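The values are calculated or read from the model by the stated rules, or taken from the named source; none is laboratory data. These figures come from a predicted structure and were not determined experimentally. Heads up, the Cβs are rebuilt from the backbone with ideal geometry, glycines too, and the neighbour counts pull from every protein chain shown. Please note that ligands, DNA and RNA were not included when accessible areas were found on the heavy atoms of the full protein model with its side chains. Shrake-Rupley method; radii C 1.70, N 1.55, O 1.52, S 1.80 Å.
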Amino acid sequence: MAPLTIIQISDLHLSRTHGFFNANWREVLRRIQISASEQVIVSGDLTVDGADSADDLAWAAAELARLGGAALCIPGNHDCGEEFEGAHGQRIDATRRNRWIEHFGVEWWFRELGNWRLLGLNSQLLGSGDPAEATQLAWIEKTLAEASGSPIGVFVHKPLFLEHPGEAPAPGHATLPGPRRRLLELIRRARVRFVACGHLHQYRALHHDGIDYIWAPSTAFLVREQLPGVQNALGYVVHRLFEDGRYAHVFVRMPELTAIDLESLKGGRYRYLRDIPPSAVGAIMAEHGLAAV
Ligand SMILES: [Fe+2]
Ligand SMILES: [Fe+2]
C-alpha cells in the first residue's frame, strides 16, 4: 500500500507590509496544489512579525486559506514571541498567544492520519514560564501515552537540540535544556518515530536514539550561519508514513524560488526585517529582484 504523504513547509515569513517573500510562497502554493499529499503542515514563522503585528497574522492566515483549509499550522517565534530572556523585547505572553489563536485556532494539535498519530506543539512555550506551558506539557504527556503503540510523528518550530541532547543551551536556536530533557523522555517512552522542525532555515536529517530529527528549510530566505551537516537551500520536506510504521522523508529543493540571504536584504541598515519602514520595502525588493504579490 502506498504511504501517506505529508508536505511540511516552514518559515514562510509572510506579510502585507513587508512582503519580501510572498512571491516565493505563491510559487510553493502552486506546487502544493498539484501535489497529491494527504496533509500540509506549516511548522511556524508564518509571518515576518506576527508577534507584534495582527495584520501579519491576518495576511498569513488568508494566504494559508488558499489551501482550502488543508493546512495544520503551529506558531514560530516570529508569530507569538520567544521563550527565553533577552528575546529582543518579544517574550511569549497571553496577548501574543491569543492573537495567534484568534487567527489560527489552536497553538497545539493532535491528528490521526491512517494509523499514524501526529502532534503539533508550540515550541515557544517550552521553558517560557507562561501558565500555558504546564497545560501544554500535561496535554503532551496524556496524548503521547494514549497514542503509544501507534506510529507517532511530532512537529515543532524549534529543534529540540542542534547536535546532541546533552549539549549546552543555545537559546534562540534550540529548545532550552530543561524542557528538552522532559520532552525527549516522553518522546522516547512513546516510541515516537520522527520529530520535524523548522526555524533554522536549513535542511538537515539527524538520527538519534532510534528517532529521526528532520529540519525543514524555509520557503522564504537563507541565513549565512552554516551549521554542520546542513543543506542551505529553499524548499520543503515530504514525509512518507507507511502503514507498517516505517518512516521516510525527502528534501525537495525549489531552485525556482528567489534565494536571498537575510543579511544582504537588511543591508547592514536594520537589525530585524520588522525594523524596515514599510515605505522602504518596495525599493529594497526591487533592488534584490523580489517580486511583489
Ligand atoms: Fe524563520
Ligand atoms: Fe523561527
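Are any residues in region 59-71 within 17 Å of residue 98 (Cβ to Cβ) and within 16 Å of ligand 1 (Cβ to nearest atom), and if so, which ones? Step through it out loud before you land on a result.
Of all residues in region 59-71, those within 17 Å of residue 98 (Cβ to Cβ) come to 60-61.
Answer for region 59-71, where residues must be within 17 Å of residue 98 (Cβ to Cβ) and within 16 Å of ligand 1 (Cβ to nearest atom): just 60.
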Residues satisfying the stated conditions in region 200-221, i.e. out of contact with any Asp or Glu (no Cβ under 7 Å at 6 or more places or on another chain), open to solvent by 10 Å² or more (accessible area, probe 1.4 Å) and of a type outside the set (D, E, K, R): 200, 203, 206, 207, 208, 210, 213
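Can you tell me how many residues within region 38-58 are modelled with pLDDT of 95 or more, more than 16 Å from ligand 1 (Cβ to nearest atom) and in contact with a strand residue (DSSP E or B) (Cβ under 6 Å, 6 or more places away or on another chain)? Show your work before the answer.
Within region 38-58, the subset modelled with pLDDT of 95 or more is 39-58.
This time we only want the ones that are more than 16 Å from ligand 1 (Cβ to nearest atom), so: 39-40, 54-55, 58.
Restricting the remaining residues to those that are in contact with a strand residue (DSSP E or B) (Cβ under 6 Å, 6 or more places away or on another chain) gives 39-40.
So the answer is 2.
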Go through 194, 251 for me and flag whichever is open to solvent by 10 Å² or more (accessible area, probe 1.4 Å), at pLDDT 95 or above and away from ligand 2 (no atom under 16 Å from the Cβ). 251
Among the residues of region 112-149, what is the count of those that are in contact with a strand residue (DSSP E or B) (Cβ under 7 Å, 6 or more places away or on another chain), outside any loop (DSSP other than H, G, I, E, B) and open to solvent by 20 Å² or more (accessible area, probe 1.4 Å)? 2
Filter region 191-209 for residues that are within 16 Å of ligand 1 (Cβ to nearest atom) and outside any loop (DSSP other than H, G, I, E, B); which is farthest from residue 266 (Cα to Cα)? 196
Which count do you get for residues in region 1-25 that are over 16 Å from residue 37 (Cβ atoms) and outside any loop (DSSP other than H, G, I, E, B)? 5
Failed condition for residue 15, given (1) open to solvent by less than 10 Å² (accessible area, probe 1.4 Å); (2) more than 16 Å from ligand 2 (Cβ to nearest atom): (2)
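Listed residues 244, 212; which is more than 16 Å from ligand 2 (Cβ to nearest atom) and part of a loop (DSSP other than H, G, I, E, B)? Full working, then the answer.
Values: 212 fails: part of a loop (DSSP other than H, G, I, E, B).
Step by step, each of 244, 212 is checked, and only 244 is more than 16 Å from ligand 2 (Cβ to nearest atom) and part of a loop (DSSP other than H, G, I, E, B).
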Given 224, 188, 181, which one is assigned to a loop (DSSP other than H, G, I, E, B) and open to solvent by 50 Å² or more (accessible area, probe 1.4 Å)? 224
What residue, of 69, 105, 81, is on the phi > 0 side of the Ramachandran plot, modelled with pLDDT of 95 or more and surrounded by fewer than 18 Cβ atoms within 10 Å (Cβ to Cβ)? 105
Six or more apart or on different chains, Cβ under 8 Å: which pairs go from a residue in region 1-22 that's within 24 Å of residue 115 (Cβ to Cβ) to one that's among the aliphatic types (A, V, I, L, M) and within 15 Å of ligand 2 (Cβ to nearest atom)? Could you list them? 8/42; 8/196; 8/216
Members of region 205-248 that are modelled with pLDDT of 95 or more and of a type in the set (Asp, Glu): 212, 243, 244
